[in-house]
Amino acid sequence: MGDATAFSSMDEFCGSTFWDANETWWTTDPDFTPCFEQTVLVWAPCAFFWLFMLFDFWYLKASLDKNIPWNRLNISKLLINVGLLVVTALDLIMSFVKKGGDSELPLYGVDIWTPIIKLLTFLMVLMFIPLNRKYGVQTSGCQFMFWFLLTIFSIPRCRTEARLHQERGQIIGSQQAEPHDFTWETYQFASFFIFFAFTCLMLILNCFADQLPRQTKYYRGPKEIPELSASFLSRITYSWFDRMALKGYRNPLEEKDLWDLRPQDSCKEVMPTFAHYWNKNVRKNYKRASGGQEPKAQFSNGKVSFENPQSNGRKKGMASIMPPIYRSFGGIFLFGSFFKLITDILTFAQPQVLSLIIGYVEDFAKVPQPEWKGIMYSILLFVLASAQTFILAQYFHRMFIVGLRIRTALINCIYRKALRISNAARKASTVGEIVNLMAVDAQRFMDLTTYLNMLWSAPLQIALALYFLWQQLGPSVLAGLAVMIIMIPLNGFIASRIKTYQIRQMKYKDERVKLMNEVLSGIKVLKLYAWEPSFEKQVLDIRDKEIATLRATAYLNASTSFLWSCAPFLVSLVTFATYVLIDENNVLDAKKTFVSLSLFNILRFPLTMLPMLITNLVQTQVSVQRINKFLNSEELDPNNVQHDASKPHPMSIENGHFSWGDEDEMTLKNINMQVPKNNLVAIVGTVGSGKSSVIQALLGEMEKISGTVNTVGKMAYVPQQAWIQNATVRDNILFGKPYDRKRYNKVIDACALRTDIEILSAGDLTEVGEKGINLSGGQKQRISLARAVYHNADLYLLDDPLSAVDSHVGKHIFEEVIGPKGMLAKKTRVLVTHGITFLPQTDKIYVMKMGEISENGTYAELLKNRGAFADFLMQHLQEGEEEEEELNQIKRQLSQTDPALVAPFEKAILLARTESLSDSISVTSADSLMGGSLRRRGKRQDSYDSNASAASLKKKQEVEGKLIETEKSQTGGVDFAVYKHYIKSVGIFLSVATLVLNFVFQAFQIGSNLWLTQWSNDKAVEHDTGLRNMYLGVYGAFGFGQVVTSFFSTLALSLGCIYSAAYLHETLVHFVLRWPMELFDITPQGRVVNRFSKDVDTCDNTLPLNLRVAVSQLFAVLATIVVISISTPIFLAVIVPIGFIYYFAQRFYVATSRQLMRLESVSRSPIYSHFGETVTGVSTIRAYTVQDRFIEESDNKVDKNQVCKYPSLIANRWLAVRLEMVGNLIILFASLFAVLGGQTNPGLVGLSVSYALQVTQTLNWLVRMSSDIETNIVSVERIKEYGETKQEAAWELEEDKKKPKNWPEDGRVEFKDFQVRYREGLELVLRGVSFNISGGQKVGIVGRTGAGKSSLTLALFRIIESAGGKILIDGIDIATMGLHMLRSRLTIIPQDPVLFSGSLRSNLDPFEVKTDDEIWKALELSHLKAFAKSLTAGLNHEISEGGENLSVGQRQLVCLARALLRKTKVLVLDEATAAVDLETDDLIQKTIRSEFRECTVLTIAHRLNTILDSDKVIVLDKGQITEFDAPSALLADPKSAFFSMAKDANLV
């Protein structure tokens, strides 16, 4: 009734009928009434425009650009719009002229109101044209949609007007007597078609975007992202991305091909808003102590300041990052959520249309229906699906943008905080943990944003689905729902089990990788000892445990997938069974069956998502807490140091008490210290007396408890542990200052860096590895000093900068830089030092003791006091660190100031005198690098550079340029051979089984669905319960078949992948351990470890998952095609072109996306490594006050990562839109053919359309997975590549068995014209060496660095194979035997003692062949018995990685014990270069002399006195033997090289 009144009032409004069902619906030729066309179809688009106009205003406000120039496009828009206004105004005027009043045509409401509404709307649109131009908005979605709708809705009226025109023509042509006045109708006809033409033109113009604006906030270069100037149409279809996809398809993308970042997403735009809200939040949580002015979030010259939560008075609660995130990014998020809501509603419209289609086919079977209805339904289904596609793409896009921005904000927030955090707070967590905040926790947010809307969307979807299902099936729905709900905890249980297994597997994996890491670090020792089999077994044992866990996980995974595959089936089975069994009258017809099925399919997604979402939320909550804790932690108090220029001295501390942030623990007490301008003040004291802490106090790094610290002027700081960035040497020295060549060269010479820079492969542009890995300690220290000198500050704080350098270099630096004549002579300097030599040249000395200043004064004053300073001097001398000339110098200084001290001093020196090193043998001081002929190893750090080693280093670099081969980043596709290799390793049986089982599974599924159609079409069921039960039973049986095959197919695949992973790992270990040594030299260890961790992990976990999903989706797509083709065979004709489109989209996408992912992961790690660097070097950064530069660097790195990340997200959207459109076409054709083909079986139609509805999702997944497989199969390729590398000679040979059991019996060693090189292409290291050693002789081998001493032993063990000549032991050529035979019969005590983590016993006897007694005996002889007895675990004492928990001396003794256990006829002793403490050394020598009396002993000597009592001495020089004789004979000849060495070492 209500409808009727509404209609009648509309009838009056129009003066004609508004709605006539017989004309519009119940007819074969449908049409609307003219009234409907002129009201609803015009008003609807206008209403749409007025509603969504708000967004256009918002875009005007948000635009960053201004002033688009007038051009053809916007002028033509303007003109056409004016034209439309004129036409509409004429309509209004004409209706007043022609109708009403005197004329016989009455004037109705529609004639006035419709033109007025149009006029207002067009005026509004007209207003937007100059506005958009002024504010630089290049395209408007709202306007495009308005013109689009207006055009579409005008089409029915076109048809009406054309027909009426035709009829008028007939009336006029029929020559009837009375003339008609058709002027009004003719005018309407003309005006409408002009209007329609203009509307179409506007639609076309709105497909294009306007030109670039003239004024832009940010530079918009040639590489700007096309999205910014893309039209609305291009934006929703992502066609602006086509260029990139094409480029990526042609050749692999590189960084230069990427677009610039959208300014809205850059740090510069994101940070100020976030900072603004963060500061507001901080102020709310920390009540201000003083009611001062509330500061704004400062945003000056691009710097953003975050407020410190600590400084604002007392604390009310933790300031959380959540409110600022909501406030900053909530807008876009809500806009996205609005899209999500629309798509959710559209999803449920599809089953409704499906039921209309089935209804249409059912009716068609009885009474032929007008065909246009069926076509309309099909098109409606297509339109719904397409709308959903476009809107969903926009939704995901919005969410990703929010995610990216949140990540940017958090990373930068964390970075800025890290620069200001106090030392106590920093020590609370390790660098790794802080970096994790950025790497893991900030990333979590990004992953979560996409799912967050599921929180309201999932329950909404479930509710709607249940509502519609209830309409179909009534209460029996609850039975199905119950099954679904039972599934959730079951899955939860299995998931938690899987998680425990995963944790266990991670543990084994870490263990295995750690062991592998050790094996690779100590590989040389393993080869020398022939211990590889033992370690191979250990690795494989751990791997077996890991595989067992994986297998358990596989069973569990199979059961989850089994649950999920049978869930939809069980649900429908239970529901339908309940439905037909509850009541005799309940009959399943096609409509009910298939609409319910498609609704159940919709239900599946939210039900799976909810549990995942909840775990994700919990994890993110944890992340939020961790980030909050960090952002709320204490910051350094800027008031620790005052900068009061009125104080007399530039640096001073008065009554200072300081601690490292622990209130109770005072590190420094009563510090009073003045540093006058341009003075050099030294701070000395024993280790741990608080010298460095004073420097930190001056920097303001320590918590000041009381007193004042004052500094005036620019600071420069040299820390004790040099902090070197991962940049070039030059960048490390310039440290952000401009490059001034003259000054730079002066600094380099003063800091003695010239020679080092010449040695480096690319001079000062050599990249320094992380933490300065490729520099020696001394070099790092000098670069750090050079940075300070170049910085040209006023105040210099030097924290023991000379500790790591050789003494002569130290002297040079002191004279050239620090001392009274150095570059810094006119600066104020504080120097912490251990070098006593320099103290007389300082202006004042402070002596520290136990955190207090015990005395101060000049050098002469302090010596007179005979106080702490004199003690310090004595103690220092007894450590015997000084060189000869230095000692003499100190003696001279002492005798001048205080002769009484000389006697005790000489005694101290005697204690310290020990033999000197022979490494710098016969190098006259002129040749040596820095002057100073004798180098002792400094105790603090191994010294480095001797002439020979420098030269050989240089040579090595010239030959190799780069030692380490660069890793190939894979580009392009993967060879088929790799897939073949993988399938082979899975095993043919399991591979085939997987395919067959999947095939059977789909067959069962199609069978059960076809059975359902049969059932729903069978009318006899209504009366025959027996028949009904038969249908139900068979349906159940089909389902059971599905469930079983699904379980086994998953299981077969998972197990196959595990076998394959086990096999791949085993071959990898097997081949890597059999590499020749040279391969280990040129392959960085990290890369090999990466194969064992990341690539093996991919084969274990990622690949099986990808394969499982891909295989099942592939079969699902095939099944869909089969089902649709069964019901409508003509569909096969369409499948070919659709297949082509699909294939091309997939190829383009895979090529582009894979490369973008690679670029993204490459650009991600610099963010974290730069952050890690910053955290370690934060005190240096603060000292030089370069925080802003570092923040900017970090921002740039984040932006660079976004540049790679953004296109890869867009690539996903681009693909999704294209693929889903392909899917939508399948839906369209499936439904069209079903309707048009005169199909009379409603069940089949329902089946084919409901299958088609699912196909979009499946296609999408299939492409994703296939591209993932391509990305991950690379791991298999890399493992395969390592399996095909060069191998060393065989470990065991058949001939070995014929050799004597206890070879070598005599221990005769003979070299015959022996030559050897380290690698192909390098020059010979030994050039034709011949000598003969008879059994039991003791031979010493000497020669300077690089003479080939070590090569000799390596050749003896065949670590390097001969390049000519041969070595005989007991007359047998060693090249003819297996490596293990050879190596296990020789013994070596290597230079650096390598220990492996494990028990003490396993370190001595890894094969477990010796008895306890033998081991204890060996320990006793190697003087370790007392130590081993003192351990609670005895022989089972766990040794940590690298033997960290033993002292260096003890490690050396363990190596001796190994040699004693082995006790073979030939012993090689490679003497330790580092001065092992002398006791250990003597012990080793004694033991060897007594225990290895009968053996042949070859000693590579670095100290001559150890070999003076040997039988023969070999002197090597440049790979040739220059002298071979008894030491006594050589010493008797003053011309011999040996004699000059001995002389250098003060032995003659």
Task: Wholly enclosed strands (runs of 3 or more DSSP E) of segment 760-863 bearing at least 2 residues modelled with pLDDT under 90 and of a type in the set (Phe, Trp, Tyr) - done: none
Open item on the list: Would you confirm whether or not segment 223-231 contains a residue that is part of a loop (DSSP other than H, G, I, E, B), out of contact with any helix residue (DSSP H, G or I) (no Cβ under 9 Å at 6 or more places or on another chain) and open to solvent by less than 20 Å² (accessible area, probe 1.4 Å)?
Closed with: no
- [ ] Being open to solvent by less than 10 Å² (accessible area, probe 1.4 Å), β-branched (Val, Ile, Thr) and touching a residue at least 60 places away in the same chain (Cβ under 8 Å) is the filter; apply it to segment 1361-1387 and report the residue that is farthest from Leu1324 (Cα to Cα).
- [x] Thr1387
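Do we have any residue at all in segment 1186-1199 that's touching a His at 6+ places or on another chain (Cβ under 7 Å), assigned to a helix (DSSP H, G or I), more than 30 Å from Arg243 (Cβ to Cβ) and without any contact (Cβ under 8 Å) to a residue 40 or more places away in the chain?
yes
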Open item on the list: I need the full set of residues from segment 440-494 which are assigned to a helix (DSSP H, G or I), open to solvent by less than 30 Å² (accessible area, probe 1.4 Å), in contact (Cβ under 8 Å) with a residue 60 or more places away in the chain and within 30 Å of Ile1167 (Cα to Cα), in order please.
Closed with: Asp441, Ala442, Phe445, Leu448, Thr449
Task: Filter result for Asn672 (open to solvent by less than 20 Å² (accessible area, probe 1.4 Å), modelled with pLDDT of 90 or more and not in a loop (DSSP other than H, G, I, E, B)) - done: no
- [ ] Being crowded, with 20+ Cβ neighbours inside 10 Å, aliphatic (A, V, I, L, M) and within 34 Å of the chain's Cα centre (by Cα) is the filter here, so list the residues in segment 557-570 that pass it.
- [x] Ala558
Task: Verdict on Ser991 being open to solvent by 20 Å² or more (accessible area, probe 1.4 Å), modelled with pLDDT of 90 or more and of a type in the set (S, T, N, Q) - done: yes
- [ ] Those residues that are surrounded by 16 or more Cβ atoms within 10 Å (Cβ to Cβ), touching a Phe, Trp or Tyr at 6+ places or on another chain (Cβ under 8 Å) and assigned to a helix (DSSP H, G or I), I need them from segment 92-111; list them, please.
- [x] Met94, Lys98, Val110
Open item on the list: Would you confirm whether or not segment 728-742 contains a residue that is touching a residue at least 24 places away in the same chain (Cβ under 8 Å), basic (Lys, Arg) and more than 29 Å from Asn423 (Cβ to Cβ)?
Closed with: yes
Open item on the list: Just to be sure before I move on: is Arg1264 of a type in the set (Lys, Arg) and modelled with pLDDT under 85 in the structure I sent?
Closed with: yes
Task: Criterion (open to solvent by 10 Å² or more (accessible area, probe 1.4 Å) and not charged (D, E, K, R)) met by exactly one of Ser1194, Ser1231, Ser1165 - done: Ser1165
TODO: Taking the residues in segment 683-723 that are of a type in the set (A, V, I, L, M, F, W, C) and touching a Ser or Thr at 6+ places or on another chain (Cβ under 7 Å) as candidates, determine which candidate is nearest to His834 (Cα to Cα).
DONE: Val684
Task: Evaluation of Ser761 against (1) touching a residue at least 40 places away in the same chain (Cβ under 8 Å); (2) within 23 Å of Val1178 (Cβ to Cβ) (one fails), failing number - done: (2)
TODO: With the condition kept exactly as written, say whether any residue in segment 746-756 is surrounded by 22 or more Cβ atoms within 10 Å (Cβ to Cβ), charged (D, E, K, R) and out of contact with any His (no Cβ under 9 Å at 6 or more places or on another chain).
DONE: yes
TODO: Within segment 196-208, identify whether any single residue is within 39 Å of the chain's Cα centre (by Cα) and under 25 Å from Gln394 (Cβ atoms), and answer yes or no.
DONE: yes
TODO: Within segment 331-342, identify whether any single residue is open to solvent by 60 Å² or more (accessible area, probe 1.4 Å) and among the basic types (Lys, Arg), and answer yes or no.
DONE: no
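Rundown of residues vs (1) over 29 Å from Arg1154 (Cα atoms); (2) open to solvent by 70 Å² or more (accessible area, probe 1.4 Å); (3) assigned to a helix (DSSP H, G or I); (4) at pLDDT 90 or above, yes/no style:
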| residue | (1), (2), (3), (4) |
| --- | --- |
| Glu965 | no, yes, no, no |
| Gly973 | no, no, no, no |
| Leu995 | no, yes, yes, yes |
| Ala1020 | yes, no, yes, no |
| Val1034 | yes, no, yes, yes |
TODO: Working only within segment 1389-1445, note down all residues that are closer than 19 Å to Thr1464 by Cα, open to solvent by 40 Å² or more (accessible area, probe 1.4 Å) and of a type in the set (Val, Ile, Thr).
DONE: Val1409, Thr1411
- [ ] For segment 880-898, state whether one or more residues are assigned to a helix (DSSP H, G or I), modelled with pLDDT under 75 and of a type in the set (Val, Ile, Thr).
- [x] yes
Open item on the list: Being under 60 Å from the mean Cα position of the chain (by Cα), closer than 26 Å to Thr17 by Cβ and either exposed (fewer than 13 other Cβ atoms within 10 Å of the Cβ) or not acidic (Asp, Glu) (or both) is true for just one of Lys66, Lys77, Lys118. Which residue is that?
Closed with: Lys118
Open item on the list: Of everything in segment 248-282, what is charged (D, E, K, R), in contact (Cβ under 8 Å) with a residue 12 or more places away in the chain, over 21 Å from Tyr415 (Cα atoms) and part of a helix (DSSP H, G or I)? Give them in sequence order.
Closed with: Glu255, Asp257
Task: Residue satisfying condition, being open to solvent by 60 Å² or more (accessible area, probe 1.4 Å), in contact with a helix residue (DSSP H, G or I) (Cβ under 8 Å, 6 or more places away or on another chain) and not in a helix (DSSP H, G or I), within set Glu584, Glu665 - done: Glu584
- [ ] May I ask you to verify whether Leu699 is surrounded by 16 or more Cβ atoms within 10 Å (Cβ to Cβ) and over 23 Å from Ala1183 (Cα atoms)?
- [x] no
Open item on the list: Taking the criterion of being farther than 21 Å from Glu227 by Cα and in contact with a strand residue (DSSP E or B) (Cβ under 7 Å, 6 or more places away or on another chain), would at least one residue in segment 1186-1198 satisfy it?
Closed with: yes
Open item on the list: Residue pairs, Cβ under 8 Å, 6 or more apart or interchain, first in segment 994-1017 and touching a residue at least 24 places away in the same chain (Cβ under 8 Å), second open to solvent by 40 Å² or more (accessible area, probe 1.4 Å) and among the aliphatic types (A, V, I, L, M). List them.
Closed with: Gln1002/Leu1118; Ile1006/Val1122; Leu1010/Ile1126; Trp1011/Val1034
Open item on the list: Testing Thr1353 on (1) in contact with a helix residue (DSSP H, G or I) (Cβ under 7 Å, 6 or more places away or on another chain); (2) surrounded by 15 or more Cβ atoms within 10 Å (Cβ to Cβ); (3) among the hydroxyl-bearing types (Ser, Thr, Tyr); (4) not in a strand (DSSP E or B), one condition comes back false. Which one is that?
Closed with: (1)
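The values are calculated or read from the model by the stated rules, or taken from the named source; none is laboratory data. Values in this document were obtained by computation on a predicted structure and should not be read as measured data. Note that we place each Cβ from the backbone using ideal geometry, even for glycine, and neighbour counts take in every protein chain shown. The protein model used for the area step is the full one, side chains on, heavy atoms only, and it has no ligands, DNA or RNA in it. Shrake-Rupley method; radii C 1.70, N 1.55, O 1.52, S 1.80 Å.
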